[in-house]
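Every number here is computed from the coordinates shown, using simple stated rules; none is lab data. Here the structure is a predicted model, which is why all the values come from computation and not from measurement. Glycine also receives a Cβ, built like all others from the backbone with ideal geometry; neighbour counts cover every protein chain displayed.
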Amino acid sequence: MSILVVGSVAFDSVETPFGKEDNILGGSATYFSTSASFFTDVNLVAVVGDDFPQEHVDFLASRNIDLRGLARINGNTFRWKGRYGYDLNEAQTLETHLNVFADFKPRIPEEYAATDYLFLANIDPDLQMEVLNQVPTPKVVACDTMNFWISSKPESLKRVLESVDIFIINEGEARQLSGEANLVKAARSILSMGVKTLIIKRGEYGVLMFSGFSIFAAPAYPLEEVFDPTGAGDTFAGGFMGYLANTGDSSEEGIRKAIIFGSVMASFNVEDFSLNRLKRLDYREIEGRYRGFKEMTHFLGLP
Ligand code: AMP
């Protein structure tokens, strides 16, 4: 089954201890849809300005991403500038320029409205709400956000969460949103906002999944070379949702496998700047690393 994603398509300027790149392709929806496209069909809803090069459009189209929902309007594309120190788990945002996103009203093409899998990537929660209102009966709604929106629009975000099945955020954001330092307490507080399953991303320490019934912990793949963590969260979400939509299996076991596929995709993404690693990735490598995860985490039960 296909996925509908709404989020940012961006130019990023990123500095890590290992290099610096300006105006490279980024954005939450870009990373998400590229990652998900390894598993299923993706319909993208976003906006870019007239400065967005055809080369990037061609790349997304080459991944079979349906771009009928990608609006192009006069003005500049969304821009984000961030920096990472040696602790690559936390980005420091230096600049956010909403540009064409400032007046964007997402219009979901009629062909997309009956979608079963909806991903609200990191974007203004008011826009996430407008999308929810245009997609009447999705089977699974997942959502991401970031500190920028938690501090600027907490009430809008909480309204969105009432309709969300799976909420995917990083650990700093879970603490910020809940006001709880302890992650288990933070998770309980966020689940009480209406979310059924919460996935907390912890960078190089992996992810924790909380649902009403259980907790699942997955490590991150131990890598020797981590170059640029930008987009790791969205790439995780793309692999996760892509696998769920591909199998249609939202059982506990299905969600656990999807979490590992998400972790596999994120582990590739951080090996290079922008989407460069995803551009040269093939499905056999994904399967190989999935098996690596299985071996790495296998242990016997008690007799
Ligand atoms: P992450 O997966 O969390 O590393 O997401 C990184 C991407 O989020 C970057 O490519 C940015 O372009 C995008 N981004 C950063 N800030 C925002 C924002 N306030 N709204 C939407 N997208 C953003």
Candidate lysines for bridging to K279, where Cα separation is under 23 Å - those fewer than 8 sequence places away on the same chain excluded | K20, K81
If we count chymotrypsin sites (Phe, Trp or Tyr not before Pro) as exposed when they sit in a DSSP loop and have at most 14 other beta carbons within 10 Å, what is the longest stretch of the chain that avoids them all?
-> 87-212
Calculated from backbone phi, Karplus (6.51, -1.76, 1.60) coupling profile of segment 11-22 in Hz, x at Gly/Pro = 9, 10, 10, 10, 10, 10, x, 10, x, 8, 9, 10
Can you figure out the FRET efficiency of E295 with E110, using R₀ = 51 Å and their beta-carbon distance, to the nearest 0.05?
-> 0.65
In a Gaussian network model of the chain with springs linking alpha carbons closer than 10 Å, the residue among T93, T30, T235 that fluctuates most is T93
Calc'd 3J(HN,Hα), segment 290-303, phi into Karplus 6.51 cos²θ - 1.76 cosθ + 1.60 (θ = phi - 60°), Hz, glycine/Pro = x, comes to 4, 5, x, 4, 4, 5, 5, 9, 6, 8, 7, x, 6, x
Each residue of segment 236-246 in turn: what ³J(HN,Hα) in whole Hz from Karplus with 6.51, -1.76, 1.60 and θ = phi - 60°, glycine and Pro shown as x?
-> 4, 4, x, x, 4, 5, x, 5, 4, 5, 5
Nitroxide proxy distance, nm - points 7 Å out along Cα→Cβ at E287 and L98 | 4.6
For segment 278-303 and segment 71-145, compute the distance between their C-alpha centroids and round to whole Å.
-> 30
